[in-house]
C-alpha cells in the first residue's frame, strides 16, 4: 500500500499438485508468488510484508526437513 492505497493486485489458481498442500505451505507459496511477481519493483528497496502470523508460525517452529522442499529462485 502506498499512502494507505492499494497500488496493485495479483492472483492465480492453484496448480493441481498444490491442492494437497497444507495451509502453512500454501501461505509460504503465496508469499513467494508475490515476491517473484513484483521482484522488479522490490529489488533494492525496503519491503514490509504483512501477513497473518498464526498461519506462518509453524514454518519457523517445526523441523521441516521432511516437508516439501520450497524452490527459491
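Bear in mind that the values in this text are calculations on the coordinates, not laboratory data. From a predicted model like this one, the values you see are computed outputs, not experimental measurements.
Can you tell me the length gained on complete extension of the stretch residue 33 to residue 51, counting 0.36 nm per residue apart and subtracting the Cα distance? Kindly include the intermediate steps, with their values, before the conclusion.
Values: separation 18, 0.36 × 18 = 6.48 nm, distance 1.38 nm.
My answer for the length gained is 5.1 nm.
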Pairs of alpha carbons in the range 16-61 whose separation is greater than 13 Å (percent): 62
